[in-house]
Amino acid sequence: MDADVEFLFRRPSVDHFVGRAALRVRLSPDYNRKTLPYDYETKIQETWTRKTDENSTLYNGTKFRLHSVDCDNDDRSANVTFNLGVTCYRDFIGTNWSPNAQLYRDLGSEEWGDSQAFLSDALGVGALLETSDGFAVLLKRSMSCAEAPGLWDIPGGHPEPKAVVGNKSLEDINLLEIRPEKVVDEIFNSTLGEIVDEVNIPQDTLTDPLLVGIARNTTSAGRPSSEYYVRCNLASEEVRILYNKGTQAEADESNGIMFLPVNQITNLEVMKSDIWCQMAPSAKGCLMMFGLASNKGLDCE
């Protein structure tokens, strides 16, 4: 295992990855972040102000908050449910990335029996993108990124509530009025959209994502990222050419591309490579879960 990552939920084999039709979401304000005591709650804005002063590219927006995951009694069952609330990027930076994050986790354990109760825990998405010639795509995050600057990562981002309800404020979103299937579609569509916007490859070259699992980033107080497997019908050199054009919507978020043989992931040899310590936690979580699902006899101790 790697100290940067904890598994919240993962599928036991590639045959049990979860497709769009098998994922459910349950929406409730009960799954929102609990409000911290006043003195700590006010520090969220202080942290956000400091971070935006340091990085003018940051902006606030609503995100889905992962509270928990349910599966049927058999963990091989196809049906999986994400229990979701809403949060925002300001609260994510001000709680999960706060210098007081461990204090907030301790308070959550004491007051709610849940170390994540006071944290934003904005749900992320990421994808192991495999080319037609058997390589996984990694991007080197630019130094202007708020998370994991300068590290190698898989394509990813966040599903956006505004894609479902429009440009509403956090306070104006009524989770009970949202159709859950619309949120499922946004989760899968945003995974594809991030690949298109970051790598610069057409969406019609991609398969629909399959859920591999969810990993928590321990460097950001357990922030959850749902990880997916997507295949592309382009070869690695074709992908490189398209990426290097620099015309993608989010070209400023990365400044390099790398192709990692998928067989180094399926046998977990990648964990012994020099590049491993230069990977973002989201990439580590995705690659480890994919490797374990590909070879059930392996472990990552």
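Data table
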read-out: Residues within region 129-149 that are open to solvent by less than 10 Å² (accessible area, probe 1.4 Å) and in contact with a Leu (Cβ under 7 Å, 6 or more places away or on another chain), tallied; value: 4
read-out: Strands (runs of 3 or more DSSP E) (entirely within region 131-244) containing at least 2 residues that are within 19 Å of VAL69 (Cβ to Cβ); value: 210-217, 223-231
read-out: Residues being over 12 Å from the mean Cα position of the chain (by Cα) and in contact (Cβ under 8 Å) with a residue 60 or more places away in the chain - total across region 113-130; value: 8
read-out: Candidates GLU269, GLU227 - the one that is among the charged types (D, E, K, R), under 21 Å from ASP4 (Cβ atoms) and modelled with pLDDT under 95; value: GLU269
read-out: Conditions (1) farther than 16 Å from THR95 by Cα; (2) buried (at least 18 other Cβ atoms within 10 Å of the Cβ); number of the one not met by GLY166; value: (2)
read-out: Residue match in region 197-204 (condition: under 15 Å from the mean Cα position of the chain (by Cα) and either of a type in the set (Val, Ile, Thr) or buried (at least 20 other Cβ atoms within 10 Å of the Cβ) (or both)); value: yes
read-out: Yes/no for ARG10 being open to solvent by 70 Å² or more (accessible area, probe 1.4 Å) and either modelled with pLDDT of 95 or more or charged (D, E, K, R) (or both); value: yes
read-out: Region 102-128, subset open to solvent by 10 Å² or more (accessible area, probe 1.4 Å) and aliphatic (A, V, I, L, M), residue nearest to ASP30 (Cα to Cα); value: LEU107
read-out: Qualifying residue in region 242-254 (condition: under 22 Å from the mean Cα position of the chain (by Cα), open to solvent by 30 Å² or more (accessible area, probe 1.4 Å) and under 19 Å from ASN83 (Cα atoms)); value: no
read-out: Only listed residue being modelled with pLDDT of 95 or more and more than 30 Å from PHE118 (Cβ to Cβ), chosen from ASP208, ASP252, ASP274; value: ASP208
read-out: Check on ASP153, at pLDDT 95 or above, out of contact with any strand residue (DSSP E or B) (no Cβ under 9 Å at 6 or more places or on another chain) and either among the acidic types (Asp, Glu) or surrounded by 16 or more Cβ atoms within 10 Å (Cβ to Cβ) (or both); value: no
read-out: Test: residue in region 56-79 that is closer than 28 Å to GLY166 by Cβ, of a type outside the set (Gly, Ala, Ser), touching a residue at least 60 places away in the same chain (Cβ under 8 Å) and open to solvent by 50 Å² or more (accessible area, probe 1.4 Å); value: yes
read-out: Selection within region 28-61 - over 19 Å from ASP114 (Cα atoms) and of a type in the set (A, V, I, L, M); value: ILE44, LEU58
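The values are calculated or read from the model by the stated rules, or taken from the named source; none is laboratory data. Predicted model, so just to flag it, every value in this text is computed and none were measured. Cβ sites come from the backbone with ideal geometry, for glycine too, and all protein chains shown count toward neighbours. SASA here: full protein model, heavy atoms, side chains in, ligands and nucleic acids out. Shrake-Rupley method; radii C 1.70, N 1.55, O 1.52, S 1.80 Å.
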